[in-house]
1. Per the Kirkwood formula on distinct C-alpha pairs, the Rh of the stretch 244-362 is how many angstrom?
2. Over the stretch 248-297, consider all pairs of different Cα atoms and compute the Kirkwood hydrodynamic radius from their mean reciprocal separation; express it in Å, one decimal.
3. Can you tell me which of 80, 142, 62 moves the most in a GNM of the chain? Springs connect C-alpha atoms under 10 Å apart.
4. Pick from 116, 326, 212: which is most flexible by mean-square fluctuation in a GNM of the chain where alpha carbon atoms under 10 Å apart are linked?
5. What does the highest-first list of 223-233, 157-167, 282-292, 241-251 look like by mean Cβ count within 10 Å?
6. For the stretch 129-299, compute the orientation-averaged projected area of the C-alpha convex hull (one quarter of its surface), in nm².
7. Tell me, how many Å apart are the Cα centres for the stretch 58-84 and for the stretch 178-223?
8. For the chain, what is the mean residue ellipticity at 222 nm derived from helices alone (per DSSP H run of n ≥ 4: -39500 (n - 2.57); sum divided by total residues; nearest 500 deg cm²/dmol)?
């Protein structure tokens, strides 16, 4: 390190499960970060930690001089751990979901506001370069007026995912909160806030307390309508994990598609950024051929980009791309989807938010 290079941000990791281990690897590979400590009641024995390990976050925070903490422990502990870290004065990267419930997430939002805390929520897909390019294509009118969007995520999780980790079978897990939360967050980021949502869900594949399959219909405030289908029990090549090289744990399908965005003058698939459009010299209708081109973008992994951004957040030189407030809105949408699935009714998202907040105040 030269005199002109900043001192690496000292990061502690809470939770050394699947996601925690990924974060450990990204920290080791980053020039601006250094792994300082790990907190986990059962630290992994098959990973070269190269740092002290503690039984919990409190002991780690007391013993170590940390600049930041990445929280990747079970969902029910997210808010409690994040508040503990924020009160210790460190920056926080909190894995999604931001909380178990929208009401709980508001406690975290209030804490961030009260402490002027630095907190980034780990909706990592927003950091993918293809997402930024797709967002600009939508906002700059490259597709004409966007009228519809569809998404699909389906993969068959191994049995051990549920047998080895009991909370994966319990309320607070399920494909909606574990996986669909990413898709809903990204659709919000690309198409704006959702006005109404409908849902059908099923748990017949495994018979667990949590759902394994869900189908959603969305109406955005902009007038765009959309659909999203997800299952963690169905084998398929379709979805974000298969369409990107985010982690070697998932097979990569080149030219894979997770989302399709449809406009009046063109369409775009994401993350492969295949754009289908009419030549400007021909009528923009179904009798004219569509040409396919690929929008150029520099390749970069979401998690690496997210960590680099988090380092800047920890240093105070950047505002979080995904704040606690922003992530809270995504979680509210997940809860609205769950309500729609239970009742079979269309849920007005703004009304749902108002009712939930009124209930909390009373």
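1. On the way: mean 1/r = 0.0531 Å⁻¹.
Evaluated over the stretch 244-362, this radius sits at 18.8 Å.
2. Working: mean 1/r = 0.0820 Å⁻¹.
That comes to 12.2 Å for the stretch 248-297.
3. Maximum fluctuation in the GNM of the chain, among the listed residues, is at 62.
4. Per the Cα network of the chain with a 10 Å cutoff, 116 tops the list.
5. On the way: 223-233: 20.5, 157-167: 12.1, 282-292: 9.7, 241-251: 16.1.
Final packing ranking: 223-233, 241-251, 157-167, 282-292.
6. Values: hull surface 43.7 nm².
The directionally averaged projection comes out at 10.9 nm².
7. 29
8. Values: 11 runs with 120 residues, N = 362.
It lands at -10000 deg cm²/dmol.
Where a number appears in this text, it was derived from the coordinates with a stated rule and is not lab data. Note that the structure is predicted; figures quoted are calculated from it, not measured. Quick reminder, even Gly has a Cβ in these numbers, built from the backbone with ideal geometry, and neighbours come from all protein chains shown.
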